[in-house]
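Step one of this worksheet: look at the structure below.
Just so you know, all these numbers are worked out from the coordinates, no wet-lab data involved. These figures come from a predicted structure and were not determined experimentally. Positions of Cβ are backbone-derived with ideal geometry, glycine not excepted, and every protein chain shown enters the neighbour counts.
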Amino acid sequence: MVDGDVPAPEPVVLDLFDVTDEQDWQERALCAQTDPEAFFPEKGGSTREAKRICLGCEVRAECLEYALQHDERFGIWGGLSERERRKLKKRAV
């Protein structure tokens with residue numbers, strides 16, 4: 001650098017896809033420690049076991065929020081089925 005030259009600024013790195021919080025709640029979710037098949041039953045299959053697990057889960061609210069924001073169309077998320085999430089979204093509008 002020559003006298004009078006201004007040093008180039010440090011580049012700014014933006015993390016537009018910060019998933020740290022998302023990964024944190026997913027790792028703490030009870031469903032991550034159980035059989036995933038229970039949360040994605042066959043059409044007409046029982047959702048009772050998955051919903052029972054969700055009732056005791058500390059990140060149930062985060063899970064439901066994620067499903068609503070990402071328009072998850074399959075499975076049990078936050079203790080609700082896809083049909084129940086659709087009804088919830090309609091009531092919120």
Quiz item: What FRET efficiency would be calculated for the residue pair A61, R86, taking the C-beta separation as r and a Förster radius of 25 Å, to the nearest 0.05?
Solution: 0.85
Self-check item: Binned Cα-Cα distances of region 21-92, short to long, each 5 Å bin given as a whole percent
Solution: 3, 18, 30, 26, 17, 5, 1
Quiz prompt | Spacing of the two label points (7 Å from each Cα toward its C-beta) at D24 and Q69, in nm | solution = 1.3
Quiz prompt | For region 56-63, Karplus couplings with θ = phi - 60° (6.51, -1.76, 1.60), whole Hz, Gly/Pro x | solution = x, 8, 6, 10, 4, 5, 5, 5
Practice problem: Taking amide H positions as placed in the peptide plane 1.01 Å from N, state which residues far from G75 in sequence (5 or more) or on other chains have amide H under 5 Å from it. | Solution: E82
Quiz prompt | Whole-Hz couplings from phi, Karplus 6.51/-1.76/1.60, listed for region 70-85; x for Gly and Pro | solution = 9, 6, 5, 9, 10, x, 9, 10, x, x, 10, 7, 4, 4, 5, 5
